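The values are calculated or read from the model by the stated rules, or taken from the named source; none is laboratory data. Please read these numbers as outputs of a predicted model, since none were measured by experiment. All Cβ positions, even for glycine, are placed from backbone atoms using ideal geometry, and neighbour counts span all protein chains on display. Note: accessible area is taken over every heavy atom of the protein model, side chains too, but ligands, DNA and RNA are not part of it. Shrake-Rupley method; radii C 1.70, N 1.55, O 1.52, S 1.80 Å.
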Amino acid sequence: MQLHELVNTLGQDLQRRYGEKVHKLTLHGGFSCPNRDGTIGRGGCTFCNVSSFVDESTQAQAIQVQLSERSKEIKRAKKYFAYFQAYTNTFAEVQVLRSMYEEALESADIVGLCVGTRPDCVPDAVMELLVEYKQKGYEIWLELGLQTANNDTLKRINRGHDFECYADITKKARENGIKVCTHLIVGLPKETKQDNIETLQKVLKVGTDGIKLHGLHIVEGSTMAKAWKAGKLEAPELDVYVDIASDLIRMTPPEVVYHRVSSAARRPTLLSPLWCENRWLAMTEIGRALDRNGAQGSLIEQPFIYTKPILS
């Protein structure tokens with residue numbers, strides 16, 4: 001069976017609701033991050049080098065230019081979401097955000113916004129702005145980088161916020177009709193599969209509309225890259241990632257939408273694991289695992305205990 005037959009993917013969710021293919025067009029708004037510029041901290045999260053997954057050359061381009069270029073790359077779709085992806089896309093004065101978001105929404109083929117940000121960077125004024133667009137009929141997704149619900153891990157990776165911060169803003173967003181997509185990383189240092197399971201359980205208890213899974217990438221320019229080069233850190237092997245990701249999916253209620261079950265990066269920025277270069281590899285293996293063991297939601301009622309560390 002194909003992955004979309006085993007997982008409630010964003011693509012099929014949008015197809016079902018809009019009656020046609022809808023794609024996300026990634027945008028670079030030139031935002032910074034409060035964990036880099038000193039507002040919260042400096043140096044950023046230990047895993048972060050945004051250029052591993054974002055084309056920095058687009059930063060100087062106008063939003064409409066970026067949308068036009070991205071739409072040319074997409075086949076068989078006439079409706080799109082404007083996806084503000086790079087860094088913290090709520091980290092600016094509200095009037096700046098309004099100008100940028102509304103430039104994206106000028107296009108008749110844009111049906112909504114996906115806004116990637118941090119849980120600690122969504123003040124009331126920004127929430128009110130997003131609600132305003134929701135009330136105008138646009139679909140709004142707030143993509144929150146949680147990564148893990150383990151507060152000890154959040155401190156180790158210099159995330160700058162705790163799980164409670166995530167829980168608070170998630171509840172507020174969903175109460176206002178804003179959909180939340182939770183970003184989670186599998187393979188963070190010292191975390192076990194049980195940590196990943198507990199993170200998922202906490203996220204589901206708070207409530208979420210979507211999940212985006214990532215395997216840990218070791219990328220040039222990050223703090224983790226130094227540890228990796230010194231032989232003190234490893235990224236998860238493909239079989240480990242597939243085992244954990246597939247079981248997390250099986251523990252997820254069918255109504256939760258998976259925006260992504262794996263992610264990709266490219267060399268020379270990517271140092272490890274090199275299987276991340278092929279965006280289809282993990283997806284294919286996850287599909288096979290789900291086909292063998294059960295689709296999304298099939299593990300919800302079954303107890304699961306696992307304590308073997310992911311990393312040495």
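Just to be sure I understand, how many residues within region 149-176 are polar (S, T, N, Q), in a helix (DSSP H, G or I) and open to solvent by 20 Å² or more (accessible area, probe 1.4 Å)? Total satisfying the criteria: 1. From the list Leu146, Leu129, the lone residue that is in a helix (DSSP H, G or I) and open to solvent by less than 60 Å² (accessible area, probe 1.4 Å) is Leu129.
Within region 180-197, the set of residues being open to solvent by 10 Å² or more (accessible area, probe 1.4 Å), farther than 13 Å from Gln147 by Cβ and in a helix (DSSP H, G or I) comprises Gln194 only. One residue stands out among those in region 240-280 that are part of a helix (DSSP H, G or I) and without any contact (Cβ under 8 Å) to a residue 40 or more places away in the chain: the one that is least open to solvent (accessible area, probe 1.4 Å), which is Trp275.
Within region 68-77, being more than 22 Å from Gly145 (Cβ to Cβ) and either touching a helix residue (DSSP H, G or I) at 6+ places or on another chain (Cβ under 9 Å) or not in a loop (DSSP other than H, G, I, E, B) (or both) holds for Ser68, Glu69, Ser71, Lys72, Glu73, Ala77. Take the conditions (1) modelled with pLDDT of 95 or more; (2) under 22 Å from Leu25 (Cβ atoms); (3) open to solvent by less than 30 Å² (accessible area, probe 1.4 Å); (4) touching a Gly at 6+ places or on another chain (Cβ under 9 Å); Tyr138 misses just one of them, which is (3). With respect to the conditions (1) within 23 Å of Leu6 (Cα to Cα); (2) in a helix (DSSP H, G or I), Leu213 falls short on a single one, namely (2). If only residues of region 207-237 that are open to solvent by 30 Å² or more (accessible area, probe 1.4 Å) and of a type in the set (D, E, K, R) are counted, the one that is farthest from Leu270 (Cα to Cα) is Asp209. Among the residues of region 10-31, not a single one is over 25 Å from Asp209 (Cα atoms), in a helix (DSSP H, G or I) and modelled with pLDDT of 80 or more. Apart from one condition, Gln61 fits all of (1) modelled with pLDDT of 75 or more; (2) closer than 21 Å to His259 by Cβ; (3) part of a loop (DSSP other than H, G, I, E, B); the exception is (2). Among Lys193, Lys179, Lys226, Lys202, which is without any contact (Cβ under 8 Å) to a residue 40 or more places away in the chain and of a type in the set (Lys, Arg)? Criteria check complete, one pass: Lys226.
Checking each residue in region 84-118 for being open to solvent by 10 Å² or more (accessible area, probe 1.4 Å), closer than 16 Å to Gln61 by Cβ and not in a loop (DSSP other than H, G, I, E, B) picks out Ser99, Met100, Glu103.
Residues that are under 26 Å from Leu281 (Cβ atoms) and hydroxyl-bearing (Ser, Thr, Tyr) were ranked within region 187-228; the one that is farthest from the chain's Cα centre (by Cα) is Thr192.
Within the option set Leu204, Leu200, Leu299, being open to solvent by less than 30 Å² (accessible area, probe 1.4 Å) and not in a loop (DSSP other than H, G, I, E, B) holds for one residue only, Leu200. Just one of the listed residues (Glu56, Glu69, Glu5) is modelled with pLDDT of 90 or more, surrounded by fewer than 22 Cβ atoms within 10 Å (Cβ to Cβ) and farther than 20 Å from Met127 by Cα, namely Glu5.
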